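Below is one structure; the comments refer to it alone.
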Amino acid sequence: MNAPVTPVERIRGGDRRALARAITAVENATQEGAAIRAALAPYLGRAQVTGVTGPPGAGKSTLVNALVKELVARGRKVAVIAVDPSSPVSGGAVLGDRVRMAEMQGHEAVFIRSLAARGHLGGLSRTAAQVVELLDGAGFDDVLVETVGAGQSEVEIAKVAAHRLVVCPPGLGDDVQAIKAGILEIADAFVVNKADLPDATRTERELRAMLALRQNAAPEALPPVLKTVATTGDGVAALADWLAARALQHGRPAPAVPHTAPPASGPAALLARLIARDAYARHLGLELVEAGEGTATVSMRVRPEHINFWDSCHGGAIFSLADTALGLACNSYGSVAALIDSHMTFSVAVKAGERLTARAEEISRSRKLGVYRMEVRRDDGVLVASLTGTVYRTGKPLPNEASTGPAA
């Protein structure tokens, strides 16, 4: 008798319904959503993530539709996240961006999902970054993230996307000066859309003049200013060429790990179940990366809600990341282990948008005590913090794991 197909296997196999249900689970912060994200963690890092932002009326949705068409024609598999503002009265959203992308909605190489901002500030929804990771793990080559109509301070897309396009409609005029201190500063490229309108050349000229004022920047390092007419496709191929060249410049992402079903038993499966049941881990956005007897690796992307009053990641969030890795490692034998002593040292500050990874290793273990060491590092390998901890091994089975966990 064949084993039932798991949600992750269906998602990796291209099942759109399974992917849509997983996104809904992540948006609602359910245990199922956390478990799927943890199981997809080994497949992350392949997709090129491009943010498309700009003021209302710039034609972002139409441009995204045209860019999707161009990327698909080049053999790419593309996912789109379109974030729409929510009603302050009902909390719902019209999701009108999706209407402008209806042309590509049914294509087998395209997946489009609308997200309501639900009152979240910054131009995105609260779970947008987590949904991006789901789409990355599902095997898409490109993930395009369209923000709500953004102004000076809606710059959260900079923490999610590797490539940021700021779309500017013709006739910005003095508005260039009004918003330059915010959204214009995160651009990797400017796109003057609706370039067939009379004021397009003037807007292009004003953007270039603004860029010329940047100090200590070589001309080749300045963001390019591209012109498009999304309704006809003019200039979209050049935009896709720029994205491809930028991806090569920054290095190709690692190829996807060959798909294997997540383990059904053993320490890795046990710890996946434990972190999926941990409401605080879900709240912080913690993800299980690796697991074994006496060891666990957990990661976290630093979000705005992790930032303290002096604009760095809160030490409590970093401790919670290390403590979760410790808790999983010391409970990997299937019996309850409780922390009784710990010491933590911090080395460097961490900013929003950076990803941290905590690895816990067992140093020694007796019948009653266990000693563990944890290291928290950034993606570039820099040591952020280290922690040592001593746990008391109670010998009691883990709740809900008495018959399924490994022997203590």
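The numbers here are math on the coordinates, done by the rules we state, and not lab data. Being a predicted model, the structure only gives us computed values, none of them experimental. Here the Cβ positions follow ideal geometry from the backbone for every residue, glycine too, while neighbour counts run over all protein chains shown.
Taking θ as phi - 60° and the Karplus parameters 6.51, -1.76 and 1.60, the scalar couplings of segment 280-288 work out to 5, 5, 5, 4, 7, x, 7, 10, 7 Hz in sequence order, x denoting glycine and proline. Summarising the amide proton neighbourhood of PHE111: residues at separation of 5 or more, or on other chains, whose placed amide H is nearer than 5 Å comprise VAL78, ALA79, VAL80. Among LYS77, LYS60, LYS368, sorting on how many other beta-carbon atoms sit within 10 Å of each Cβ, with the fewest leading, yields LYS368, LYS77, LYS60. Working from the Cα coordinates of segment 267-397, the gyration tensor eigenvalues give, after taking √(5λ), semi-axes of 25, 15, 12 Å in decreasing order. Ordered by the count of other Cβ atoms within 10 Å of each Cβ, fewest first, TYR43, TYR280 give TYR280, TYR43.
This ranking places LEU71, LEU369, LEU44, LEU144 by how few other beta-carbon atoms lie within 10 Å of each, fewest first, which gives LEU369, LEU44, LEU71, LEU144.
Computed from phi, the 3J(HN,Hα) profile of segment 35-48 under the Karplus parametrisation 6.51, -1.76, 1.60 (θ = phi - 60°) reads 5, 5, 4, 5, 6, 8, 3, x, 9, 7, x, 8, 6, 8 Hz, with x in place of Gly and Pro. Computed from phi, the 3J(HN,Hα) profile of segment 205-213 under the Karplus parametrisation 6.51, -1.76, 1.60 (θ = phi - 60°) reads 5, 5, 5, 5, 5, 5, 5, 5, 7 Hz, with x in place of Gly and Pro.
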